[in-house]
1. Those residues that are open to solvent by 70 Å² or more (accessible area, probe 1.4 Å) and closer than 18 Å to Glu92 by Cβ, I need them from region 23-40; list them, please.
2. Cβ-Cβ under 6 Å, sequence separation 6+ or interchain: first residue in region 54-78 and closer than 14 Å to Ala98 by Cβ and at pLDDT below 95, partner assigned to a helix (DSSP H, G or I) and of a type in the set (Gly, Ala, Ser). Which pairs?
3. Condition first: open to solvent by less than 70 Å² (accessible area, probe 1.4 Å), modelled with pLDDT of 95 or more and hydrophobic (A, V, I, L, M, F, W, C). Now tell me which residues in region 79-100 satisfy that.
4. Take the residues in region 41-51 that are among the hydrophobic types (A, V, I, L, M, F, W, C) and more than 20 Å from Trp97 (Cα to Cα), then tell me which one is nearest to the chain's Cα centre (by Cα).
5. Name the pairs: first residue in region 41-53 and more than 14 Å from Lys76 (Cα to Cα), second residue among the acidic types (Asp, Glu), Cβ to Cβ under 9 Å, at least 6 apart or on different chains?
6. Do we have any residue at all in region 52-73 that's open to solvent by less than 30 Å² (accessible area, probe 1.4 Å) and more than 14 Å from the chain's Cα centre (by Cα)?
Amino acid sequence: MDKKKQLGNVAFGGNWSEEILILDELHSILDVIDTAIDECMDRDVEDEELHQAMLYVRKNVEKGPMLCVAFFKALKIENQSLRHERLQEVGEMIKLWAGV
């Protein structure tokens, strides 16, 4: 059973269940980004899952458009170590602006 159904069956008032879903989705997105950062030295990480994660960042995180541009610019750096370092910096900024 997915989390949305589980929380839908709870009979408490308030919007806490929606907040849990939003936080869960955000953490899933950040996991995709972290995986891309961790694996950027070994493989081309620019896939559909990463694009969807960055689209979420663009739409839902303050400074999202700017952070997406910085992330994809860093992804194009040829030097693997420098690419990884820059992606880590941008990843931390995404977390900061996402409030995590």
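The values are calculated or read from the model by the stated rules, or taken from the named source; none is laboratory data. Just so it is clear, the model here is predicted, and its values are computed rather than measured. Note that each Cβ is placed from the backbone with ideal geometry, even for glycine, and that neighbours are counted across all protein chains shown. All accessible areas refer to the heavy atoms of the entire protein, side chains included, with ligands and DNA or RNA removed. Shrake-Rupley method; radii C 1.70, N 1.55, O 1.52, S 1.80 Å.
1. Start the filter on region 23-40 by keeping residues that are open to solvent by 70 Å² or more (accessible area, probe 1.4 Å), which leaves 23, 25, 27, 31, 38.
Answer for region 23-40, where residues must be open to solvent by 70 Å² or more (accessible area, probe 1.4 Å) and closer than 18 Å to Glu92 by Cβ: His27, Asp31, Asp38.
2. If the second residue must be assigned to a helix (DSSP H, G or I) and of a type in the set (Gly, Ala, Ser), the pairs left are Val61/Ala98.
3. Answer for region 79-100, where residues must be open to solvent by less than 70 Å² (accessible area, probe 1.4 Å), modelled with pLDDT of 95 or more and hydrophobic (A, V, I, L, M, F, W, C): Leu87, Val90, Met93, Ile94.
4. Within region 41-51, the subset among the hydrophobic types (A, V, I, L, M, F, W, C) is 41, 45, 50.
Subsequent filtering for residues that are more than 20 Å from Trp97 (Cα to Cα) retains 41, 45.
Numbers: Met41: 19, Val45: 14 Å.
The extreme case among them is Val45.
5. Partner pairs satisfying both residue conditions: Ala53/Asp31.
6. Looking only at region 52-73, we keep the residues that are open to solvent by less than 30 Å² (accessible area, probe 1.4 Å), and these are 53-54, 57, 61, 64, 67-68, 70-71.
Filter again for more than 14 Å from the chain's Cα centre (by Cα), leaving none.
Among the residues of region 52-73, not one is open to solvent by less than 30 Å² (accessible area, probe 1.4 Å) and more than 14 Å from the chain's Cα centre (by Cα), which makes the answer no.
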